[in-house]
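The values are calculated or read from the model by the stated rules, or taken from the named source; none is laboratory data. Here the structure is a predicted model, which means the values were calculated and not measured. Don't worry about glycine lacking a Cβ; one is built from the backbone with ideal geometry, like all the others, and counts go over all protein chains shown. Quick note on the areas: whole protein, heavy atoms, side chains included, nothing else; ligands and nucleic acids left out. Shrake-Rupley method; radii C 1.70, N 1.55, O 1.52, S 1.80 Å.
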Amino acid sequence: MRFANPQAFHLLWLLPVIAAGLHFFFEHRCRVMRRFAQEHLLDELAHGGMNKTFYRWKAFLVMAAFVLMVIALSRPQWGYHERVVKRHGLDIMVVIDVSKSMMTQDVKPSRLERSKLAIKDLVMKLNGSDHIGLIAFAGDAMVMCPLTYDYDGFLLSLNDLDVDSIPRGGTDISEAIDEAVNAYKGMTDSDKAVVLITDGEDNEGDAVVAARRAAAKGIKIFTVGVGTREGDLIQVPDSDGQLAFLKDADGNVVKSHLNENLLQQIAYLTHGAYIHSGAEEFGLDYLYDRQLSKLKKHDNQAKMTRLYDERYQWPLTLAFILLMVETLISTRRVVRV
(Lines give C-alpha, C1' and ligand atoms only; values in the text may rest on other atoms or scores of the structure.)
Protein backbone atom coordinates (compact mmCIF):
# COMPACT_ATOMS: atom_id res chain seq x y z
CA MET A 1 0.00 0.00 0.00
CA ARG A 2 1.10 3.58 -0.69
CA PHE A 3 -0.40 7.01 -0.06
CA ALA A 4 -0.45 9.55 -2.88
CA ASN A 5 -1.20 12.47 -0.54
CA PRO A 6 0.49 11.67 2.80
CA GLN A 7 0.35 15.34 3.82
CA ALA A 8 -3.31 14.78 4.69
CA PHE A 9 -2.22 12.87 7.79
CA HIS A 10 -1.33 16.20 9.39
CA LEU A 11 -5.07 16.69 9.84
CA LEU A 12 -4.95 14.02 12.54
CA TRP A 13 -3.60 16.72 14.85
CA LEU A 14 -7.21 17.92 14.96
CA LEU A 15 -8.36 14.68 16.59
CA PRO A 16 -7.57 15.80 20.19
CA VAL A 17 -9.37 19.07 19.45
CA ILE A 18 -12.46 17.18 18.30
CA ALA A 19 -12.32 14.90 21.38
CA ALA A 20 -12.00 17.89 23.70
CA GLY A 21 -14.86 19.65 21.93
CA LEU A 22 -17.16 16.65 22.33
CA HIS A 23 -16.23 16.32 26.01
CA PHE A 24 -16.87 20.00 26.76
CA PHE A 25 -20.18 19.84 24.88
CA PHE A 26 -21.31 16.93 27.05
CA GLU A 27 -20.24 18.70 30.26
CA HIS A 28 -21.89 21.95 29.19
CA ARG A 29 -25.15 20.17 28.42
CA CYS A 30 -25.13 18.47 31.82
CA ARG A 31 -24.48 21.81 33.58
CA VAL A 32 -27.35 23.44 31.72
CA MET A 33 -29.73 20.64 32.71
CA ARG A 34 -28.67 20.85 36.35
CA ARG A 35 -29.76 24.49 36.44
CA PHE A 36 -33.36 23.45 35.92
CA ALA A 37 -33.60 20.67 38.46
CA GLN A 38 -31.66 18.70 40.98
CA GLU A 39 -29.70 15.81 39.56
CA HIS A 40 -31.92 13.10 41.11
CA LEU A 41 -34.98 14.67 39.38
CA LEU A 42 -33.44 14.88 35.87
CA ASP A 43 -34.49 11.36 34.93
CA GLU A 44 -38.16 12.18 35.36
CA LEU A 45 -38.09 15.75 33.96
CA ALA A 46 -35.88 15.03 30.92
CA HIS A 47 -37.35 11.70 29.96
CA GLY A 48 -34.37 9.76 31.21
CA GLY A 49 -31.67 12.43 30.82
CA MET A 50 -28.43 11.70 28.99
CA ASN A 51 -26.86 8.27 28.86
CA LYS A 52 -23.14 8.86 29.31
CA THR A 53 -22.17 5.47 27.87
CA PHE A 54 -24.18 6.00 24.71
CA TYR A 55 -22.77 9.52 24.32
CA ARG A 56 -19.23 8.10 24.54
CA TRP A 57 -20.10 5.62 21.81
CA LYS A 58 -21.40 8.44 19.61
CA ALA A 59 -18.23 10.45 20.24
CA PHE A 60 -16.08 7.42 19.41
CA LEU A 61 -17.94 6.87 16.12
CA VAL A 62 -17.52 10.54 15.14
CA MET A 63 -13.79 10.46 15.82
CA ALA A 64 -13.39 7.11 14.02
CA ALA A 65 -15.23 8.54 11.00
CA PHE A 66 -12.91 11.58 11.04
CA VAL A 67 -9.84 9.30 11.02
CA LEU A 68 -11.26 7.33 8.09
CA MET A 69 -11.97 10.53 6.15
CA VAL A 70 -8.36 11.64 6.69
CA ILE A 71 -7.19 8.26 5.39
CA ALA A 72 -9.40 8.75 2.33
CA LEU A 73 -7.88 12.22 1.75
CA SER A 74 -4.40 10.68 1.87
CA ARG A 75 -5.42 8.63 -1.20
CA PRO A 76 -4.46 5.06 -0.29
CA GLN A 77 -3.41 3.04 -3.30
CA TRP A 78 -2.71 -0.64 -3.80
CA GLY A 79 -2.58 -2.71 -6.92
CA TYR A 80 -1.42 -1.19 -10.20
CA HIS A 81 -1.49 -1.54 -13.95
CA GLU A 82 1.08 -0.43 -16.49
CA ARG A 83 0.42 1.79 -19.48
CA VAL A 84 2.50 3.45 -22.16
CA VAL A 85 2.30 7.24 -21.73
CA LYS A 86 3.46 9.70 -24.37
CA ARG A 87 4.51 13.20 -23.37
CA HIS A 88 2.90 15.81 -25.62
CA GLY A 89 4.55 19.15 -25.09
CA LEU A 90 6.94 21.92 -26.08
CA ASP A 91 10.70 22.30 -26.17
CA ILE A 92 11.67 25.57 -24.46
CA MET A 93 15.27 26.70 -24.12
CA VAL A 94 15.71 29.63 -21.75
CA VAL A 95 18.77 31.74 -22.54
CA ILE A 96 19.65 34.28 -19.87
CA ASP A 97 22.22 37.07 -19.86
CA VAL A 98 24.52 36.94 -16.80
CA SER A 99 26.88 39.73 -17.85
CA LYS A 100 27.70 42.54 -15.41
CA SER A 101 25.15 44.85 -17.03
CA MET A 102 22.44 42.55 -15.62
CA MET A 103 23.43 43.78 -12.14
CA THR A 104 21.87 47.14 -12.98
CA GLN A 105 19.09 48.02 -10.55
CA ASP A 106 16.72 49.92 -12.84
CA VAL A 107 14.61 46.77 -12.36
CA LYS A 108 14.45 45.75 -8.70
CA PRO A 109 16.20 44.02 -7.06
CA SER A 110 18.39 43.78 -10.20
CA ARG A 111 17.87 42.78 -13.79
CA LEU A 112 19.35 39.33 -13.18
CA GLU A 113 17.50 38.55 -9.95
CA ARG A 114 14.21 39.79 -11.39
CA SER A 115 14.73 37.57 -14.44
CA LYS A 116 15.39 34.50 -12.29
CA LEU A 117 12.18 35.10 -10.32
CA ALA A 118 10.19 35.40 -13.55
CA ILE A 119 11.68 32.17 -14.93
CA LYS A 120 10.61 30.36 -11.75
CA ASP A 121 7.07 31.59 -12.34
CA LEU A 122 7.26 30.32 -15.92
CA VAL A 123 8.27 26.84 -14.72
CA MET A 124 5.18 26.80 -12.48
CA LYS A 125 3.02 27.13 -15.60
CA LEU A 126 4.51 24.10 -17.34
CA ASN A 127 2.37 20.96 -17.32
CA GLY A 128 5.06 18.33 -16.89
CA SER A 129 5.10 17.43 -20.59
CA ASP A 130 7.21 20.39 -21.68
CA HIS A 131 10.95 20.15 -22.07
CA ILE A 132 12.86 23.08 -20.60
CA GLY A 133 16.57 23.88 -20.65
CA LEU A 134 18.86 26.67 -19.50
CA ILE A 135 21.76 28.48 -21.16
CA ALA A 136 23.70 31.28 -19.49
CA PHE A 137 25.85 33.68 -21.45
CA ALA A 138 28.14 36.64 -21.13
CA GLY A 139 31.30 36.70 -23.32
CA ASP A 140 30.73 32.95 -23.84
CA ALA A 141 27.65 30.77 -23.62
CA MET A 142 27.25 27.56 -21.65
CA VAL A 143 24.46 25.02 -21.23
CA MET A 144 23.67 25.00 -17.52
CA CYS A 145 20.81 22.51 -17.83
CA PRO A 146 20.01 20.51 -20.99
CA LEU A 147 16.42 20.09 -22.10
CA THR A 148 14.73 18.09 -19.38
CA TYR A 149 11.47 17.19 -17.67
CA ASP A 150 13.20 17.47 -14.30
CA TYR A 151 11.96 20.91 -13.27
CA ASP A 152 13.56 20.66 -9.82
CA GLY A 153 16.96 20.09 -11.41
CA PHE A 154 16.34 23.02 -13.74
CA LEU A 155 15.52 25.28 -10.80
CA LEU A 156 18.67 24.22 -8.96
CA SER A 157 20.74 25.28 -11.98
CA LEU A 158 18.82 28.55 -12.17
CA ASN A 159 19.36 29.36 -8.49
CA ASP A 160 23.13 28.97 -8.91
CA LEU A 161 23.36 31.58 -11.65
CA ASP A 162 25.23 34.82 -10.99
CA VAL A 163 27.55 37.16 -12.89
CA ASP A 164 30.47 34.80 -12.17
CA SER A 165 28.80 31.78 -13.81
CA ILE A 166 30.54 32.60 -17.12
CA PRO A 167 34.24 33.34 -16.62
CA ARG A 168 34.64 35.44 -19.76
CA GLY A 169 33.16 38.92 -19.45
CA GLY A 170 31.35 40.93 -22.08
CA THR A 171 28.11 40.13 -23.89
CA ASP A 172 27.93 37.92 -26.97
CA ILE A 173 24.32 37.31 -27.96
CA SER A 174 25.32 35.56 -31.18
CA GLU A 175 27.24 32.94 -29.19
CA ALA A 176 24.17 32.41 -27.00
CA ILE A 177 21.91 31.91 -30.02
CA ASP A 178 24.34 29.45 -31.63
CA GLU A 179 24.54 27.48 -28.37
CA ALA A 180 20.74 27.27 -28.27
CA VAL A 181 20.66 26.03 -31.87
CA ASN A 182 23.21 23.33 -31.01
CA ALA A 183 21.12 22.25 -28.02
CA TYR A 184 18.29 21.35 -30.43
CA LYS A 185 20.39 19.03 -32.58
CA GLY A 186 18.75 15.64 -32.99
CA MET A 187 15.37 16.83 -31.77
CA THR A 188 12.25 15.75 -33.67
CA ASP A 189 10.42 18.13 -35.98
CA SER A 190 8.31 20.61 -34.05
CA ASP A 191 8.26 24.25 -33.10
CA LYS A 192 11.42 24.89 -31.10
CA ALA A 193 11.32 27.94 -28.86
CA VAL A 194 14.16 29.98 -27.44
CA VAL A 195 13.36 32.54 -24.74
CA LEU A 196 16.20 35.08 -24.79
CA ILE A 197 16.30 37.27 -21.67
CA THR A 198 18.77 40.13 -21.87
CA ASP A 199 19.18 43.89 -21.84
CA GLY A 200 20.29 43.66 -25.48
CA GLU A 201 23.73 45.20 -25.06
CA ASP A 202 25.82 43.20 -27.52
CA ASN A 203 29.55 43.86 -27.36
CA GLU A 204 30.73 40.99 -29.55
CA GLY A 205 29.67 38.89 -32.52
CA ASP A 206 26.77 39.52 -34.87
CA ALA A 207 23.45 38.64 -33.28
CA VAL A 208 21.48 39.37 -36.45
CA VAL A 209 23.48 36.84 -38.48
CA ALA A 210 23.08 34.26 -35.71
CA ALA A 211 19.32 34.91 -35.68
CA ARG A 212 19.17 34.18 -39.41
CA ARG A 213 21.00 30.89 -38.82
CA ALA A 214 18.47 30.00 -36.12
CA ALA A 215 15.56 30.87 -38.41
CA ALA A 216 16.98 28.56 -41.08
CA LYS A 217 16.83 25.73 -38.51
CA GLY A 218 13.17 26.50 -37.75
CA ILE A 219 13.90 27.91 -34.28
CA LYS A 220 11.73 30.77 -33.03
CA ILE A 221 13.38 33.25 -30.67
CA PHE A 222 11.20 35.16 -28.22
CA THR A 223 13.18 38.05 -26.81
CA VAL A 224 12.51 39.64 -23.43
CA GLY A 225 14.10 43.04 -22.90
CA VAL A 226 15.06 43.63 -19.27
CA GLY A 227 15.77 47.15 -18.07
CA THR A 228 14.68 50.66 -18.92
CA ARG A 229 15.32 52.73 -22.00
CA GLU A 230 16.83 55.45 -19.80
CA GLY A 231 19.20 52.92 -18.25
CA ASP A 232 21.13 53.13 -15.00
CA LEU A 233 24.62 52.79 -13.59
CA ILE A 234 26.00 49.29 -13.08
CA GLN A 235 26.83 48.29 -9.51
CA VAL A 236 29.06 45.27 -8.88
CA PRO A 237 30.67 43.89 -5.70
CA ASP A 238 34.21 45.15 -5.07
CA SER A 239 37.06 43.26 -3.37
CA ASP A 240 35.48 43.94 0.04
CA GLY A 241 32.09 42.68 -1.04
CA GLN A 242 30.61 46.19 -1.12
CA LEU A 243 28.67 47.44 -4.14
CA ALA A 244 30.61 49.88 -6.28
CA PHE A 245 29.90 51.50 -9.65
CA LEU A 246 31.50 49.73 -12.60
CA LYS A 247 34.05 51.84 -14.49
CA ASP A 248 35.58 51.47 -17.93
CA ALA A 249 39.26 51.48 -18.80
CA ASP A 250 39.28 55.30 -18.70
CA GLY A 251 37.84 55.41 -15.20
CA ASN A 252 34.37 56.54 -16.30
CA VAL A 253 31.31 54.96 -14.70
CA VAL A 254 29.42 52.67 -17.05
CA LYS A 255 25.72 53.17 -17.73
CA SER A 256 23.68 50.33 -19.20
CA HIS A 257 20.71 50.93 -21.51
CA LEU A 258 18.08 48.56 -22.89
CA ASN A 259 18.72 47.91 -26.60
CA GLU A 260 15.22 47.20 -27.86
CA ASN A 261 15.99 47.60 -31.56
CA LEU A 262 18.33 44.59 -31.63
CA LEU A 263 15.93 42.39 -29.66
CA GLN A 264 13.00 43.33 -31.89
CA GLN A 265 15.04 42.51 -34.96
CA ILE A 266 16.05 39.08 -33.60
CA ALA A 267 12.43 38.26 -32.83
CA TYR A 268 11.25 39.42 -36.25
CA LEU A 269 13.84 37.43 -38.18
CA THR A 270 12.97 34.18 -36.35
CA HIS A 271 9.18 34.68 -36.43
CA GLY A 272 9.13 35.05 -32.66
CA ALA A 273 7.99 38.00 -30.57
CA TYR A 274 9.51 40.75 -28.45
CA ILE A 275 8.32 41.67 -24.97
CA HIS A 276 9.54 44.57 -22.88
CA SER A 277 9.75 43.60 -19.24
CA GLY A 278 8.06 46.26 -17.12
CA ALA A 279 8.63 47.14 -13.50
CA GLU A 280 5.43 45.38 -12.36
CA GLU A 281 4.86 42.73 -15.04
CA PHE A 282 7.86 40.83 -16.37
CA GLY A 283 5.99 39.38 -19.34
CA LEU A 284 6.83 35.66 -19.27
CA ASP A 285 3.28 34.73 -18.21
CA TYR A 286 1.92 36.66 -21.19
CA LEU A 287 4.55 35.11 -23.44
CA TYR A 288 3.59 31.56 -22.43
CA ASP A 289 -0.17 32.13 -22.61
CA ARG A 290 -0.24 34.06 -25.89
CA GLN A 291 2.76 32.67 -27.77
CA LEU A 292 4.46 29.54 -26.46
CA SER A 293 1.30 27.59 -25.63
CA LYS A 294 0.12 27.99 -29.25
CA LEU A 295 3.23 26.49 -30.80
CA LYS A 296 3.14 23.08 -32.43
CA LYS A 297 3.58 20.39 -29.79
CA HIS A 298 4.90 16.92 -30.42
CA ASP A 299 5.07 13.54 -28.77
CA ASN A 300 8.39 13.45 -27.04
CA GLN A 301 9.30 10.10 -25.51
CA ALA A 302 6.99 7.17 -24.85
CA LYS A 303 7.39 5.77 -21.38
CA MET A 304 5.97 2.75 -19.58
CA THR A 305 4.26 4.18 -16.51
CA ARG A 306 2.94 2.32 -13.48
CA LEU A 307 -0.51 3.62 -12.56
CA TYR A 308 -1.67 2.73 -9.06
CA ASP A 309 -5.31 1.93 -8.31
CA GLU A 310 -7.08 4.41 -6.04
CA ARG A 311 -8.69 2.86 -2.95
CA TYR A 312 -9.95 5.95 -1.12
CA GLN A 313 -13.53 4.75 -1.65
CA TRP A 314 -13.21 2.08 1.05
CA PRO A 315 -12.35 4.27 4.07
CA LEU A 316 -14.74 6.95 2.81
CA THR A 317 -17.62 4.48 2.60
CA LEU A 318 -16.84 3.10 6.05
CA ALA A 319 -16.74 6.66 7.47
CA PHE A 320 -20.20 7.29 5.98
CA ILE A 321 -21.55 4.09 7.56
CA LEU A 322 -20.16 5.05 10.99
CA LEU A 323 -21.80 8.47 10.77
CA MET A 324 -25.11 6.85 9.84
CA VAL A 325 -24.83 4.52 12.84
CA GLU A 326 -23.98 7.47 15.09
CA THR A 327 -27.22 9.23 14.15
CA LEU A 328 -29.22 6.12 15.15
CA ILE A 329 -27.81 5.99 18.68
CA SER A 330 -29.87 7.95 21.20
CA THR A 331 -28.27 9.53 24.25
CA ARG A 332 -31.48 9.42 26.25
CA ARG A 333 -31.28 7.28 29.36
CA VAL A 334 -33.83 4.46 29.39
CA VAL A 335 -36.14 4.67 32.42
CA ARG A 336 -38.01 1.56 33.49
CA VAL A 337 -41.35 2.22 35.16
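A few remarks follow.
- Condition met for D140 (surrounded by fewer than 19 Cβ atoms within 10 Å (Cβ to Cβ) and touching an Asp or Glu at 6+ places or on another chain (Cβ under 9 Å)): yes
- Contacts under 8 angstrom Cβ, first residue in region 281-300 being part of a loop (DSSP other than H, G, I, E, B), partner β-branched (V, I, T) and at pLDDT 85 or above, 6 or more apart: F282/V224; G283/V224; G283/I275
- Number of the exception - E260 against (1) modelled with pLDDT under 80; (2) in contact with a strand residue (DSSP E or B) (Cβ under 8 Å, 6 or more places away or on another chain); (3) acidic (D, E): (1)
- Residues in region 125-153 that are out of contact with any helix residue (DSSP H, G or I) (no Cβ under 9 Å at 6 or more places or on another chain) and not charged (D, E, K, R) were compared, and the one that is modelled with the highest pLDDT is G153.
- Look at (1) touching a Gly at 6+ places or on another chain (Cβ under 7 Å); (2) more than 30 Å from A180 (Cα to Cα); (3) at pLDDT 90 or above; (4) not basic (K, R) and you find that W314 fails only one, number (1).
- Applying the criterion of being at pLDDT 90 or above and open to solvent by 100 Å² or more (accessible area, probe 1.4 Å) to the residues of region 8-27, the residue that is nearest to V70 (Cα to Cα) is H10.
- Note on region 284-309: among residues that are surrounded by fewer than 20 Cβ atoms within 10 Å (Cβ to Cβ) and more than 30 Å from N5 (Cα to Cα), the one that is modelled with the lowest pLDDT is H298.
- Residue match in region 101-113 (condition: within 28 Å of N259 (Cα to Cα), assigned to a helix (DSSP H, G or I), modelled with pLDDT of 90 or more and open to solvent by 10 Å² or more (accessible area, probe 1.4 Å)): yes
- Boolean, I173 is over 28 Å from the mean Cα position of the chain (by Cα), touching a residue at least 60 places away in the same chain (Cβ under 8 Å) and open to solvent by less than 10 Å² (accessible area, probe 1.4 Å): yes
- Subset of region 146-157 [surrounded by fewer than 21 Cβ atoms within 10 Å (Cβ to Cβ) and either out of contact with any strand residue (DSSP E or B) (no Cβ under 7 Å at 6 or more places or on another chain) or outside any loop (DSSP other than H, G, I, E, B) (or both)]: P146, L147, T148, D150, Y151, D152, G153, L155, L156, S157
- Taken together, D199, D189 contain a single residue that is at pLDDT below 95, surrounded by fewer than 21 Cβ atoms within 10 Å (Cβ to Cβ) and not polar (S, T, N, Q), which is D189.
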